[in-house]
1. In the chain, what percent of the accessible surface is made up of carbon and sulfur (1.4 Å probe, ligands and nucleic acids excluded)?
2. If you roll a 1.4 Å probe over the heavy atoms of the protein chains, what accessible area per residue do you get for the range 171-254, in Å²?
3. Taking 0.36 nm per residue of separation and subtracting the Cα-Cα distance, what length does fully extending T188 through V64 add?
4. If eta is 0.890 mPa s and T is 25 °C, what Stokes-Einstein diffusion coefficient results for the range 363-413, Kirkwood Rh from Cα pairs, in µm²/s?
5. Would you kindly find the accessible area of T188, with a 1.4 Å probe and non-protein molecules such as ligands, DNA and RNA excluded, rounding to the nearest 10 Å²?
6. With Kirkwood's inverse mean 1/r over C-alpha pairs for Rh, give me the Rg to Rh ratio of the range 189-341, two decimals please.
7. From the Cα gyration tensor of the range 310-469, with a ≥ b ≥ c the square roots of its eigenvalues, which class applies: rounded if a/c is under 1.5, or else prolate if a/b is larger than b/c, or else oblate?
8. What does the C-alpha gyration tensor say about the overall shape of the range 419-469? Classify as rounded when a/c is under 1.5, otherwise prolate if a/b is larger than b/c, or oblate.
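The values are calculated or read from the model by the stated rules, or taken from the named source; none is laboratory data. All of these numbers come straight from a predicted model, not from anything done at the bench. Ideal geometry is used to build each Cβ from the backbone, glycine not excepted, and the neighbour counts take in all protein chains shown. All accessible areas refer to the heavy atoms of the entire protein, side chains included, with ligands and DNA or RNA removed. Shrake-Rupley method; radii C 1.70, N 1.55, O 1.52, S 1.80 Å.
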Amino acid sequence: MKFDVCIFVPKEQPYNRGMASVLQCDTKRKAKKTMDFEIPRRFFGRNECCIMEKLIIQGRRRLVGEVTISGAKNAAVAVIPAAIMAEGTSTLENLPAIEDVRSLCHTIEKLGGICTYTDEHTLKIDCSNGTKHCATFEEVQKIRASYYFLGALLGRYKKAEVALPGGCNFGVRPIDLHLKGFRALGATVEECDGMVRAYAERLIGTSIYMDQVSVGATINIMLAACMAEGITTIENAAKEPHVVDTANYLNMMGANIKGAGTDVIRIYGVEKLHGAQYTIIPDQIEAGTYMIAAAITGGDVLVRNIIPKHMDSLSAKLDEMNVTIEEHDDSIRVTANKPLQCANVKTMSYPGFPTDLQPQIAALLGVCKGKSVITENVWENRYQYMDELRKLGAQVEIDGRQAWITGIPHFVGSCVCATDLRAGAAMILAGLAAEGETIIENVKYIDRGYENVEHKFNALGADITRVDE
Ligand code: UD1
């Protein structure tokens, strides 16, 4: 593989901040420092070589055919850390083949567990001989959802030390609600040198009211509370499909969790968990991305292996925009053969419109007739990608949490950057609808969450090529 440039962040600096150097590498990976610069927040990791892969899209191809959706990333990143709570082996099926999953396996192995793939989507995790309770920065740097190791390790060992999360950057991403929950269960929680340390003699079930609906905090508290003494109640809990999926897996392991999927979850603590075989649910956001892809290309696509109920908020919105939606048991057919109408979209926690589909629907609204408004209610700074969309011609005005988008007949190809995972997906969608060639840089973000992305699109008739220089 040809290898030209990498970013080096000195080890002593805090993650995601400060100065970095550009190193010019030769093919033997011998590096020479060429310049220093202030590292942008969107760069990831440290001492990390990033091969500058790009996607090149020849746009305006109509997508037609069938696409099979992979397992849910956000469920996988919770279920994999949960597996370390078992005194035994778990077999996880329908895992997506994506970077975040590979990074989590790496972390489990560093902790002392054994991960064995029986095929590309099936993973056995054996932590029967116990694991370490400490996950350092080197082990967890690439994924924000590494915070789930806190809840899992605290639950099993009553002590956990985990480096603060990495992952996508769109606004402040606090974990105060997670830590408040652990404290309510009786743990002492300290934050020091980029690590979170939580420990307790005993975890005792209690009643926890979440100030704000948080997926991560709901799952993390659920993990720790599974092995607390007595009953824990989480009120104002998140209801996302992956909260339910994680609870279902924990119950298969011997936990006793009731009410997941409603806003009150009750967890009856148990002493031990055992291994279990579990199949991860389909990815709601990947499915939504392909549904929007069908709409933006005037296509006709059957999106297979999904739970149509999870898609309700998007299906309703697409219907409002003049897209035909045909629901089947485990698939949805999306046909776009009428002029697309503008719409207003407000992101909310489930069952509202998911914030993780906000950039993708923005790309679609960019080529719909009329003026649309998006209101982002979950993340305070999730419009960074709009500058990239503007490079393709999008007409956007932003004021705080709202974005006004005036539709144009079509985008025009340009060179854009994936500023985070879902923003990257939006760039692909915009590129598919753009006249001429679109080049997307920073593909690494997209690979974190989309399995075989260019192959799946190309099988539908897209023209996407990956290059690494
Ligand atoms: C999860 C998803 C992410 C999605 C988000 C919202 C995973 C791995 N990631 O992220 O893709 O965009 O849900 O659907 O599942 N908050 C606090 N304090 C906390 C935690 C959260 O104030 O301790 C706030 C956040 O700033 C945000 C809101 O709560 O405004 C929702 O965040 P949360 O649901 O926790 O998101 P994540 O679980 O991190």
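1. 49 percent
2. 39 Å²
3. Length gained between T188 and V64: 39.1 nm.
4. Diffusion coefficient, whole number: 222 µm²/s.
5. About 60 Å², rounded to the nearest 10.
6. Taking Rh as the inverse mean 1/r over Cα pairs, Rg/Rh reads 1.11.
7. Cα axes put the range 310-469 in the rounded bin.
8. rounded
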